[in-house]
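Each reported figure results from applying straightforward, stated rules to the coordinates on display, with no laboratory input. Note that this is a predicted model, so its numbers are computed, not measured. Here Cβ is always computed from backbone atoms with ideal geometry, including for glycine, and neighbour counts include all displayed protein chains.
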Amino acid sequence: MHGAAPDMNRRVDRSDAALLQLAAEGDPDAFAEFFRRHVRAITAYAVRRCGAVSDVADVVSETFLAAMLASGRYRPQSDTALPWVFGIARRVLARQRRLLVGSMRLAQRVSNTTPRFEGTEEDSIAAAIDATREADRLGAAMASLSKGERDVLELVAYDGLTPGEAAVVLDLSANAARLKLSRARRRMREALAPEPVTLYPEAGRAV
């Protein structure tokens, strides 16, 4: 009696490196699988850093377009290509911010006025300001970090990467990333530590 025939339709999970290699060879289904595997993480990354839904969509689409075009140059450094995709998203976001700043400056020069808001826009801005005021201490703590420390902390704390994966995104050595993360965490703890409360301010004063 012969054994059961293998199920030819059973899908075998393929590594990110294998999917990117197939994509580089012109397999659109392989890149679609790669996209589905990582789009949620990249979307979350963009949501935390963009000010509008349209900006998020632009970052995600440009990131995966760049990943597809660069798929043949991918060289695996770990089991997942997510740090590599994060690195692309980071560069896309930086370019988007440069373009935004440039367009705002141009608009201001042309109109020679500062931006004006009215109606529901003002309400939304006021609500955002109120929410920001409640997070003053956290904002001040983050501002006390260097850019490198803040980048590593955000990738590890917000985006769920390991220090080693964050190092790949930021083009750092693993040791440098761990050192920056350690410094960032220490500074955050110090900045967010509750201020000492003096219960008896008169104590110790000479009678």
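Determine the sum of side-chain charges near R178: Lys and Arg each +1, Asp and Glu each -1, restricted to other residues whose C-beta is under 14 angstrom from that of R178. Can you show the working numbers first?
Values: positive: K180, R183, R185, R186; negative: E149, D151, E165.
Net of charged neighbours comes to +1.
Going by average Cβ neighbours within 10 Å, how do the peptides 29-38, 85-94 rank, with the highest at the top?
Working: 29-38: 16.4, 85-94: 19.3.
By packing density, highest mean first, the sequence is 85-94, 29-38.
Points 7 angstrom from Cα along the Cβ direction at D79 and R36: gap in nanometres?
Modelled inter-label distance: 2.1 nm.
Give, in nm to one decimal, the length gained when the segment between V47 and A157 is fully stretched (0.36 nm per residue of separation minus the Cα-Cα distance). Intermediate results must be reported in sequence, preceding the final value.
Values: separation 110, 0.36 × 110 = 39.60 nm, distance 1.50 nm.
So the extension gain works out to 38.1 nm.
With +1 on the Cβ of every Lys and Arg and -1 on the Cβ of every Asp and Glu, and nothing else charged, how large is the dipole of region 16-86 about its Cα centre, in debye rounded to the nearest 20?
Details: 7 positive and 9 negative charges, 60 e Å.
The dipole magnitude comes to about 280 debye.
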